[in-house]
Amino acid sequence: MAPLLQSPASSTKLCSLLLLTLAFLAAVDQSAAGIFDEIELIWGASRTYFFMDGDSEALALSLDKSQGSCFRSREKYLYVQIDVEIKLIEGDSAGTVCTVYTISEGPWEIHDEIDLEFLGNATGQPYTLHTNIFANGVGGREQQFRLWFDPTADYHTYSIVWNPNHILILVDGKAIRDFKNNEDKGVAFPTWQSMRTFGSLWSAEDWATQGGRIKTDWKQAPFVSSYRNYNVTWCRPSPGVAWCGDEPRDSARFDLDQKTLGDLQWVRDNSIIYDYCTDTVRFNASTLPKECTLQ
């Protein structure tokens, strides 16, 4: 039997139908993707669970006296923006630490790391956001902030922006911390080790709340924090540049805009409660980290 011939009109309709079908499948696949597809549980799996929070797929981490829980991203990244919404432990969370951070997988002596740690509190007291940055194994760059809202009442977005010139930490889109790349001045900066994202909930009652003076009330366990809308946006280079790591050092591509500079100043005026660069008990003029005199 001779093959059936299709008219140009029917071929066009068939192609249109195929394109619509592919578009529908792509949309379904994109909408189905959620935090479950992006992360994997690495400990405390029996204390975690996925659930639907409105239209969003969420993950609950849980902590009791015997163990906490932790996840990590399936992918490793080099120069990205990582956004995740977190709802912190309600009520008395003293001694607990909820985290989101990135860390490289190389030798500890040269590892890179960007930390956000939410230190639990006694009921009614504000949360402390503890941040730190390691580059080439060197850390000790702690800054702490009092959040200007109740992070247990609803989800808020916490972001790490990592590009060749800056590491920025944002809360609900407001920049609270900037660590500038000063490698040309002898300060290490994460530039070559890819990192995974981690999130965890664990006990640190020996130091987390008022230096360890307030201990965990385990009668309140299990403690639960929730994560949702985990999103990763890869760094986009300037036109004609192959990737962000090839961006010229004098490029204005990653310069901080006026809003970011204004946000950083607002936080310094209203929210920061500890800055290692101003700790005169810990450092003197000869031991002050070099970046503190450059930023």
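The values are calculated or read from the model by the stated rules, or taken from the named source; none is laboratory data. Please read these numbers as outputs of a predicted model, since none were measured by experiment. Cβ coordinates were reconstructed from backbone atoms using ideal geometry, including for glycine residues, and neighbour counts include every protein chain displayed.
Couple of notes before you dig in:
- Against the numbered list (1) more than 16 Å from Tyr230 (Cβ to Cβ); (2) at pLDDT below 95; (3) part of a strand (DSSP E or B), Phe50 comes up short only at (1).
- Selection within segment 144-169: residues that are surrounded by fewer than 21 Cβ atoms within 10 Å (Cβ to Cβ) and in contact with a helix residue (DSSP H, G or I) (Cβ under 8 Å, 6 or more places away or on another chain). The member of this set that is modelled with the lowest pLDDT is Trp148.
- Residue count for segment 106-143 under the criterion of being at pLDDT 95 or above, touching a Ser or Thr at 6+ places or on another chain (Cβ under 9 Å) and either in a loop (DSSP other than H, G, I, E, B) or acidic (Asp, Glu) (or both): the result is 7.
- Just one of (1) within 22 Å of Leu63 (Cα to Cα); (2) among the aromatic types (Phe, Trp, Tyr); (3) touching a residue at least 24 places away in the same chain (Cβ under 8 Å) fails for Trp148. It is (1).
- Arg177 fulfils the conditions (1) within 30 Å of Ile35 (Cβ to Cβ); (2) in contact with an Asp or Glu (Cβ under 6 Å, 6 or more places away or on another chain); (3) not hydrophobic (A, V, I, L, M, F, W, C) except for a single criterion, (2).
- Qualifying residues in segment 72-96 (those that are among the polar types (S, T, N, Q) and farther than 16 Å from Phe198 by Cα) - the one surrounded by the most Cβ atoms within 10 Å (Cβ to Cβ): Ser93
- Count of residues meeting criterion [in contact with a strand residue (DSSP E or B) (Cβ under 9 Å, 6 or more places away or on another chain), outside any strand (DSSP E or B) and not hydroxyl-bearing (Ser, Thr, Tyr)] in segment 144-178: 10
- When residues of segment 194-236 are limited to those that are in a strand (DSSP E or B) and β-branched (Val, Ile, Thr), the one farthest from the chain's Cα centre (by Cα): Val224
- Selection status of Asp172, closer than 18 Å to Pro126 by Cα, acidic (Asp, Glu) and under 15 Å from the mean Cα position of the chain (by Cα): yes
- Tally of residues being part of a loop (DSSP other than H, G, I, E, B) and exposed (fewer than 15 other Cβ atoms within 10 Å of the Cβ) across segment 256-286: 8
- Breaking point among (1) out of contact with any strand residue (DSSP E or B) (no Cβ under 6 Å at 6 or more places or on another chain); (2) outside any loop (DSSP other than H, G, I, E, B), for Thr191: (2)
- Gly68 vs. criteria surrounded by 22 or more Cβ atoms within 10 Å (Cβ to Cβ), touching a Gly at 6+ places or on another chain (Cβ under 7 Å) and at pLDDT 95 or above: yes
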